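All remarks here apply to the structure that follows.
The values are calculated or read from the model by the stated rules, or taken from the named source; none is laboratory data. In this text, all values refer to a predicted model and were calculated from it rather than measured experimentally. Backbone-built Cβ (ideal geometry, glycine too); neighbour counts: all protein chains shown. What goes into the accessible areas is simple: the full protein's heavy atoms, side chains included, and nothing from ligands, DNA or RNA. Shrake-Rupley method; radii C 1.70, N 1.55, O 1.52, S 1.80 Å.
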Amino acid sequence: MSDMVRESMECDVVIVGAGPAGLSAAIRLKQIDEALNVVVLEKGSEVGAHILSGAVLDPSGLDALIPDWKDKGAPIKTKVTSDRFLMLGEGGSLRIPNFPMPPLMNNHGNYIVSMGNVCRWMAEQAEAMGVEVFPGMACSELVYDENGAVKGVVAGEFGRNPDGTPGDAYEPGMELHGKYVLLSEGVRGSLSKQVIERFDLAKDSEPQKYGLGMKEIWEIKPENHREGQVTHTMGWPLGGNAGGGSFIYHAENNQVFIGFVVHLNYENPHLFPYQEFQRFKHHAEIAKLLEGGKRVAYGARAISEGGWQSIPKTIFPGGALLGCSAGFVNVPRIKGNHNAMHSGRMAADAVAEAIKAGRAQDELSAYENAVRNGPIAKDLKRVRNVKPLWSRYGMLASLLMGGIDMWAANLTGWNPFGTMKHGKTDAAATGEADKFKPIDYPKADGKLSFDRLTNVSFSGTNHEESQPCHLQLGDPSIPVEVNLPRYAEPAQRYCPAGVYEVLRDDDGSNPRFQINFQNCVHCKTCDIKDPSQNINWVTPQGGDGPNYPNM
């Protein structure tokens with residue numbers, strides 16, 4: 001229905017996504033010129049509803065944007081008091097001393113936060129400056145001008161029938177046009193994917209790599225709580241099956257943020273990331289921490305892990321990619337929020353300069369230069385080989401070799417291993433099922449471990465069931481005819497929300513693929529890991545999806 005005539009609204013800058021990158025850009029634009037008309041569109045029901053992060057916040061990005069954030073009441077209170085690194089085995093744990101770690105791994109001066117709450121506060125600051133922030137407004141399409149440059153987005157389309165046709169209460173949405181459009185959708189954003197492909201932005205970069213991060217918030221017994229303590233673990237239960245590890249952050253009010261990350265370049269299609277997370281909590285070291293506590297929230301989100309060599313060209317005619325839409329996560333630090341804020345600020349500087357010069361819909365070369373030569377580059381270049389070393393040689397070798405590479409880069413600015421390549425995509429890394437043994441996972445006990453659907457109920461996820469499925473299959477026959485015989489249809493396992501099922505008759509015959517899109521927590525794992533690259537994640541109606549209160 002691209003020929004549909006919609007109402008349009010003109011503004012100076014359109015920002016898609018009210019995360020740390022998008023809100024930083026909005027705030028910075030108003031700091032430079034309060035007369036600029038800046039609009040932020042957020043698909044979540046409220047700002048923060050779709051924000052999921054660990055999170056230990058490096059405040060450098062916020063310091064540069066709002067130096068007096070403490071005086072303005074930012075919800076950033078819990079200073080990191082101690083760092084612990086544990087290597088887990090099935091029967092015990094070994095603490096890795098802190099002194100061999102490069103300085104960049106030290107969390108001194110950082111804070112344990114809910115990024116959802118930080119973004120809510122940032123949105124308040126932006127609105128007080130005159131930014132228009134519209135939650136519940138999913139952006140379903142890009143709008144191009146006569147020269148092929150991006151000039152806007154379609155937002156607020158509601159009321160389509162399951163087959164895609166307009167329903168009785170159909171609302172076509174509105175076109176929002178801007179001199180520049182900034183895409184800050186987070187990892188694997190649907191519009192960002194389109195511009196990366198349309199303008200071939202990734203032609204000179206390595207494939208982006210990803211991890212799946214799953215997180216629960218627990219209220220634990222006061223005697224087990226150590227406010228400000230940060231713990232990271234590696235090893236069991238993943239072992240050689242996959243890369244990854246955990247984080248355990250002691251926040252305020254006897255709460256613990258506990259998360260588990262599985263690198264999505266794993267080969268064994270029988271691997272079940274969610275079950276690995278649940279099994280992890282039964283380790284003696286973790287179980288004693290959680291004993292007598294209760295889980296109060298759950299969520300999941302993909303993480304960009306490719307680092308420096310996987311960053312695409314960040315600009316295109318009419319706009320730019322910000323934050324995790326471009327992939328600015330520092331993998332060994334498990335941090336990207338500070339770089340997201342840096343990117344938003346630098347993009348705003350470039351946009352304001354361009355608009356002041358009378359430009360529009362062109363490429364913001366000043367932003368690309370700032371990304372390649374500023375604080376983001378400094379942060380990511382020195383850790384550029386940690387991920388490819390882990391992928392190629394495994395955890396233990398990467399600890400030693402990656403440590404040497406990071407130390408050298410930290411001291412001299414030189415990486416002994418140069419810039420290593422990632423090779424294949426995470427989807428292409430998936431092996432055929434008959435080459436691997438199935439993995440036997442224990443059943444959830446309902447105390448420490450939980451089944452997926454029970455946990456999804458703690459994410460506040462909801463989708464209007466009468467709308468079209470936002471998980472689109474390129475070829476509906478592939479799940480059963482290709483993925484099932486070759487890969488044991490891994491969508492049944494890699495999805496942390498139980499969206500995908502293979503149903504059969506009572507006698508085991510007649511397999512058929514079912515998509516329970518109502519469960520989707522918008523993690524994007526299916527879009528990334530499907531070995532046939534047959535699943536395309538697009539935005540559902542605005543306001544649908546998870547409703548995270550404190551993630």
Averaged per residue, the 1.4 Å probe accessible area of the chain, protein heavy atoms only, in Å², is roughly 39
Counting only protein heavy atoms with a 1.4 Å probe and every protein chain in place, the carbon and sulfur fraction of the accessible surface of the stretch 11-166 in whole percent equals 50
Using a 1.4 Å probe on heavy atoms of the protein chains only, the accessible area for Cys523 in Å², nearest 10, reads 10
Once the in-chain neighbours fewer than 8 apart are removed, the aspartates and glutamates whose Cα is under 13 Å from Lys288 read Glu223
Once both label points are put 7 Å beyond Cα along the C-beta direction, the Gln518-Ser8 separation in nm becomes 3.9
Simple spin-label estimate for Asp434/Ser457, 7 Å along Cα→Cβ, in nm, reads 4.1
Checking rank on 127-133, 6-12, 24-30, 530-536, with mean other Cβ inside 10 Å and highest first, the result is 24-30, 530-536, 127-133, 6-12
Using alpha carbon centers only, the stretch 328-349 is separated from the stretch 47-61 by a whole-angstrom value of 11
Counting only DSSP beta bridges with both partners in the stretch 10-148, the antiparallel fraction in percent, to the nearest 5, comes to 55
With N residues in the stretch 352-408, Rg(alpha-carbon) / (2.2 N^0.38 Å) equals 1.76
Note on the chain, DSSP bridge orientation, antiparallel percent to nearest 5 equals 70
Accessible-area order for Lys70, Lys387, Lys179, largest to smallest, probe 1.4 angstrom, reads Lys70, Lys179, Lys387
